[in-house]
Amino acid sequence: MRNPALSPAYRSVSAFLQRLLDSTPGQSDEGAEEHDACDIPAIPNDTPAMQDDPAYVKTDRALVRALRDAYDRETDADRRRLCAQSAIALTPVADTASVIPFLFDPDMWTPEAAVALLERRHFTDAIPALERLAAEGHSNGDYAAIRLLVIWNTPESQAAITRLKKTSFRRKT
């Protein structure tokens, strides 16, 4: 069961309704698999994007900047998490590297959200940061990082796993 996420999943109410209609069986190829259209987690999200849409990049960058500023100022843990996860969800594809600092947030859910974005976008440049998170992080983030390193199964991720096995990962478990 997934934890509820308050970060943006759709660009607008009309975008959500269009996705809802598109996911209703018989309406489109995207919704060809039968499922209950009222099962909101089954409706494909608009965000995070898998490719940048020039119509949204400028606005998304401004929103991410504002959310990061609010995140930096926020003292309430729940609001801080909302700002972080919203910034992660709206980060343009070209700016994916900018979510790496969220891997080291002390909140247990924010690093996991950052890892999910890196996984979705197959951003393997983050392997060194994921290795650090696996070695130094805490619940949720560290396991998400290890899981992703295993899933990617690249020479770089395999080397990171080998180093983790030999060093700090053993002390942590």
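The values are calculated or read from the model by the stated rules, or taken from the named source; none is laboratory data. Keep in mind it's a predicted model, so treat the numbers as computed, not measured. Please note: Cβ atoms are built from the backbone with ideal geometry, for glycine as well, and neighbour counts cover all protein chains shown.
A few points about this structure:
- Of everything listed in (1) among the hydroxyl-bearing types (Ser, Thr, Tyr); (2) closer than 22 Å to GLN18 by Cβ; (3) surrounded by 18 or more Cβ atoms within 10 Å (Cβ to Cβ), the single unmet condition for TYR56 is (3).
Condition check ((1) assigned to a helix (DSSP H, G or I); (2) farther than 17 Å from SER139 by Cα) across all residues:
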site	(1), (2)
ARG79	yes, yes
CYS83	yes, yes
ALA87	yes, yes
ALA94	yes, yes
ASP107	no, no
PRO111	yes, no
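- No other residue among ALA5, ALA32, ALA9 is closer than 25 Å to LEU82 by Cβ, modelled with pLDDT under 75 and in a loop (DSSP other than H, G, I, E, B) apart from ALA5.
- Being in a helix (DSSP H, G or I), free of Cβ contacts under 8 Å to residues at least 60 places away in the same chain and buried (at least 18 other Cβ atoms within 10 Å of the Cβ) is a property that ALA129 has.
- LEU82 more than 17 Å from PRO128 (Cα to Cα), surrounded by 15 or more Cβ atoms within 10 Å (Cβ to Cβ), in contact (Cβ under 8 Å) with a residue 40 or more places away in the chain and out of contact with any helix residue (DSSP H, G or I) (no Cβ under 6 Å at 6 or more places or on another chain): yes
- Entry remark, region 137-155: residues being loosely packed, with under 14 Cβ neighbours inside 10 Å and touching a residue at least 24 places away in the same chain (Cβ under 8 Å) number 4 in total.
- Extreme residue, surrounded by the fewest Cβ atoms within 10 Å (Cβ to Cβ), among residues of region 89-112 that are touching a Ser or Thr at 6+ places or on another chain (Cβ under 7 Å) and in contact (Cβ under 8 Å) with a residue 40 or more places away in the chain: LEU90
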